Structure formats: C-alpha cells, structure tokens
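First up is the structure itself, then whatever we jot down about it.
The values are calculated or read from the model by the stated rules, or taken from the named source; none is laboratory data. Remember, predicted model here, so these are calculated numbers, not experimental data. Using ideal geometry, Cβ is built from the backbone for each residue, glycine included, and neighbour counts are taken over all protein chains shown. For the accessible areas, the whole protein counts, side chains as well, though only heavy atoms, and no ligand, DNA or RNA atoms are used. Shrake-Rupley method; radii C 1.70, N 1.55, O 1.52, S 1.80 Å.
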Amino acid sequence: MAKQKFYVVWDGAEDGVYTSWEACQQAVSGYSGAKYKAFKTEAEAEEAFEMGYERYKEQGAGSKEQENTQQSSCPSPLAPCSAINDSIAVDAACSGNPGKMEYRGVYLRTGKEIFHYGPVWGTNNIGEFLAIVHGLALLKQKGLHQMPIYSDSVNAQLWVRRKKCKTTLERNEKTEGLFQLIERAEKWLKENTYQNPIIKWPTEEWGEIPADFGRK
C-alpha cells in the first residue's frame with residue numbers, strides 16, 4: 001500500500017493542505033488556474049503552502065495558469081502539464097488483501113470515469129492488471145491505437161507484458177468469477193496486439209494517479 005501523501009492547493013476552490021487525493025481533487029477539479037502539488041510529509045506540505053506556488057512550480061506542481069495558450073499540453077487540473085492529454089489513467093482499490101476489490105479507468109483530460117468493475121473478492125494487483133487489459137481492449141475497440149494508458153503498478157505492467165496474471169490468490173467458489181475474468185484477460189493478450197504505450201505514473205512527482213479511489 002502506498003504511503004499517505006499530503007496535497008497543497010495554492011489556488012483552488014479552497015486553498016490549503018489536504019490529507020487525501022480525493023479532497024484535493026474536489027478543490028481543484030473544474031477550477032480555472034488551479035495550482036497544487038503532492039508532498040511526502042505534512043511538514044513539507046505546510047512549509048510549501050506558506051512559501052507559495054512560485055517556489056515549487058518547476059518541481060512538477062500542477063497548474064492551469066495559461067489555459068488559453070496551453071490547451072494541448074495541460075490536460076486538466078488533475079495532472080501536471082507534462083502529462084499526456086489524451087490518455088487513460090487506471091487504478092484499483094482493495095479493502096484488505098485479499099478483500100473487496102474494484103478497478104476503474106478515467107479519461108485524463110476531464111477526469112471522467114469511462115469504465116468501472118467491482119467490487120468483487122480479489123487483490124489489488126489483480127485489479128491493476130485487469131484495469132490495464134480492460135483499457136487496452138476498450139481502446140482497440142474504439143480504434144484509438146496510439147492512446148497511452150497510465151498505471152502506477154509496476155507488477156501489473158509486468159504481468160501484462162508477460163500475458164500472465166501471476167496471482168497467488170486461491171481459486172475457490174468465492175473467487176471463481178474473478179478467475180474466469182482473469183482467463184479472458186490473458187486470452188485477449190495472447191490473441192491481440194496493441195500499440196498503446198503503457199506508462200508508469202510517477203506518483204512521487206505528480207501525486208496520486210487520477211483514477212485513484214482516495215482510500216490510502
């Protein structure tokens with residue numbers, strides 16, 4: 001599980017230091033000119049808030065400050081301008097390990113959820129794997145062969161490359177439906193090719209991935 005992060009909003013619906021991505025997202029989503037950044041500790045976040053945005057804008061702080069001239073490079077208040085506009089961000093959440101798992105994908109430019117699955121009994125790694133494959137299949141179906149997929153899971157990306165979900169979850173009556181879904185995903189990977197880049201979301205620099213469920 002990722003460590004808790006703290007989020008500074010210098011310019012948003014309500015400025016301040018937030019302890020969850022969900023709260024930060026509410027403060028900046030749809031706010032023109034929003035300025036924000038994630039930090040590892042509350043002390044760093046408090047100091048950054050006092051020092052102001054200008055000191056941190058070169059370190060990956062998100063901004064829509066020049067929205068009219070940077071529409072092509074600034075996707076939304078949910079990600080820094082260095083992120084790719086037309087892309088899908090995917091993530092999974094699991095209450096326990098194993099536990100109730102769900103995953104989803106969002107369109108990065110708007111933050112709109114475009115698919116969601118669960119909750120079902122499973123693990124976070126399985127959800128991350130299935131989310132990427134779901135995204136790949138959806139993009140291929142729509143003919144969007146170059147659109148990237150962002151994921152913050154190294155394991156899931158490795159499993160996708162190997163076309164195999166290497167889970168140790170027990171297959172039983174409770175998990176049978178999920179394992180059938182895993183087999184369909186593996187089959188899709190073996191029978192299909194794709195050109196969509198799968199890119200590691202740099203959480204340390206950009207904060208939580210926009211598809212995050214905000215439960216860390």
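Details
- Search result, residues across the range 182-201 that are open to solvent by 30 Å² or more (accessible area, probe 1.4 Å), touching a residue at least 24 places away in the same chain (Cβ under 8 Å), out of contact with any strand residue (DSSP E or B) (no Cβ under 6 Å at 6 or more places or on another chain) and not polar (S, T, N, Q): Trp188, Lys190, Tyr194, Pro197, Lys200
- Considered as a group, the residues in the range 62-71 that are under 20 Å from the mean Cα position of the chain (by Cα) and open to solvent by 10 Å² or more (accessible area, probe 1.4 Å) include one that is modelled with the lowest pLDDT, and that residue is Lys64.
- Breaking point among (1) on the phi > 0 side of the Ramachandran plot; (2) over 17 Å from the mean Cα position of the chain (by Cα); (3) of a type outside the set (Phe, Trp, Tyr), for Gly214: (2)
- Against the test of being open to solvent by less than 70 Å² (accessible area, probe 1.4 Å) and either touching a helix residue (DSSP H, G or I) at 6+ places or on another chain (Cβ under 8 Å) or modelled with pLDDT of 75 or more (or both), the options Ser29, Ser95, Ser76, Ser20 yield a single qualifying residue, Ser20.
- Test for Ala89: is it within 19 Å of Gly143 (Cα to Cα) and surrounded by 15 or more Cβ atoms within 10 Å (Cβ to Cβ): yes
- Subset of the range 119-150 (residues that are open to solvent by 40 Å² or more (accessible area, probe 1.4 Å), assigned to a helix (DSSP H, G or I) and in contact (Cβ under 8 Å) with a residue 12 or more places away in the chain): Asn124, Asn125, His134, Lys140
- Residues in the range 153-166 that are part of a loop (DSSP other than H, G, I, E, B), touching a residue at least 12 places away in the same chain (Cβ under 8 Å) and out of contact with any strand residue (DSSP E or B) (no Cβ under 8 Å at 6 or more places or on another chain): 3 in all.
- Any hit, the range 105-114, residues being open to solvent by less than 10 Å² (accessible area, probe 1.4 Å) and more than 30 Å from Lys35 (Cα to Cα): no
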